Amino acid sequence: MRPALATGLLGIAFIAAALLVDVEPLWVPGVALVALAFGCVAWVFVAAHGVTVRRTLASPRIVENEPLSVALEVRAGALALPTARLLDPLLRGPATLPPGRRGSRVRVEARFARRGRRSLELSSVLIADPLGLAVREVRARPAAHDDELLVLPRIEPLASAATGGDTSRLASDARRLVGAEVELDGIRPLRDGTPASRIFWPAIARGAEPQERYLRADGDSRPLVVLDPRGADSEEQLDAAVRAAASIAHALARSGGCGVLLPGDRRPADLDESLAGWTHVHARLALVGPERGPSLAVVATRRGPVVFVSARRRLGLPQALADGHGAARVLVVPGEIAERRAAFSVAGCSGYITGGPRGRKPARSAAGGAA
């Protein structure tokens, strides 16, 4: 309102001068300036009364770098909107609204490069007269469902070093990539695509119906993805480790199921082929911070393979995971480890198989996993 106030004071000065020196021509600009200032203030005040500003998000959750559709809507009150500009943190700059309308809608496509919870500032609209003498800001009412956004870590494909980065078959072979040879329990009719190592050959030798051995039903035999976010040199390394853990868990779940152990949890979260619990795990990964580490006491006694994803570029596994009881142990770190060949890469991280059933060498495990 400062321009309107200055205009009004100038008009009052003209009127005062006309009274003091008895110069009648000064009355006309003085009265005109005072009336102009008062009229602009009254116009903007009435026009701003009842104005509403609303922001609607297409979804309260979005994956990193994916587009989010946002609708910004302004509704007029008693009068049609004069000159108005819409302000919102998702806009690159103020958006000028067409004057003389009862309402306007602006659509914007936003992207977020990093995971985490985002608290968006409230939208507002600046209402002014055509001369810009009076301006009033109307803010949107707080609404948690449109003012908070959860950015989820993106899922990236796993690239096998043995296939030169060919990822076309790696998603379906993710379980074999980490050496998921676990205890078998029982037989059932042979299904298409069953690996030869799980075919029950004695049944075929007897001329009976082809059968296969199947995995134990308990969760200890399934692969487990463990995330340790501590010790990262930068936030980029931490985000890379989280993306790698999310990508590996998603691939393993789709290829038969796995468990995910996040910092602060005493028990792993189970994921099956239907990905029924993935939404919750994905949201938890978006909020992982560098303060807490995983509870490795639960991991040490597992019979299945363990994928340990570290945000710190370490050279070996923690002591609690050194004894794998014959199961594969996979170390995933940001970047690469010098003079060591990675079995696979994902989200800027490299995976190294440090052990496996029957004492397989890491290089052979990587080649067999990508076959």
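When restricted to residues that are surrounded by fewer than 15 Cβ atoms within 10 Å (Cβ to Cβ) and within 21 Å of the chain's Cα centre (by Cα), the stretch 286-307 contains 4.
Restricting attention to the stretch 38-59, and to residues there that are loosely packed, with under 15 Cβ neighbours inside 10 Å and touching a strand residue (DSSP E or B) at 6+ places or on another chain (Cβ under 6 Å), which single residue is farthest from Leu90 (Cα to Cα)? Break it down stepwise before answering.
Of the stretch 38-59, the ones loosely packed, with under 15 Cβ neighbours inside 10 Å are 39, 42, 45-46, 49-50, 52, 56, 58-59.
Next cut, touching a strand residue (DSSP E or B) at 6+ places or on another chain (Cβ under 6 Å) only: 52, 56, 58.
Numbers: Thr52: 18, Thr56: 12, Ala58: 14 Å.
Among those residues, the one meeting the criterion is Thr52.
Those strands (runs of 3 or more DSSP E) of the stretch 52-165 in which 1 or more residues are of a type in the set (Asp, Glu) occupy 68-75, 103-110, 135-139, 148-152.
One residue stands out among those in the stretch 308-323 that are surrounded by fewer than 17 Cβ atoms within 10 Å (Cβ to Cβ) and basic (Lys, Arg): the one that is farthest from Pro268 (Cα to Cα), which is Arg314. Remark: Ala35 matches the filter, which requires a residue to be closer than 29 Å to Pro3 by Cα, of a type in the set (A, V, I, L, M), without any contact (Cβ under 8 Å) to a residue 60 or more places away in the chain and surrounded by fewer than 18 Cβ atoms within 10 Å (Cβ to Cβ). Residues being assigned by TED's automatic domain parsing to the domain that holds Ala342, among the charged types (D, E, K, R) and either at pLDDT below 90 or surrounded by fewer than 13 Cβ atoms within 10 Å (Cβ to Cβ) (or both) are represented in the stretch 167-174 by at least one member.
The values are calculated or read from the model by the stated rules, or taken from the named source; none is laboratory data. As the structure is a computational prediction, the values presented were derived from the model and not from experiment. Reconstructed Cβ throughout: ideal geometry from the backbone, glycine too, with neighbour counts over all protein chains shown.
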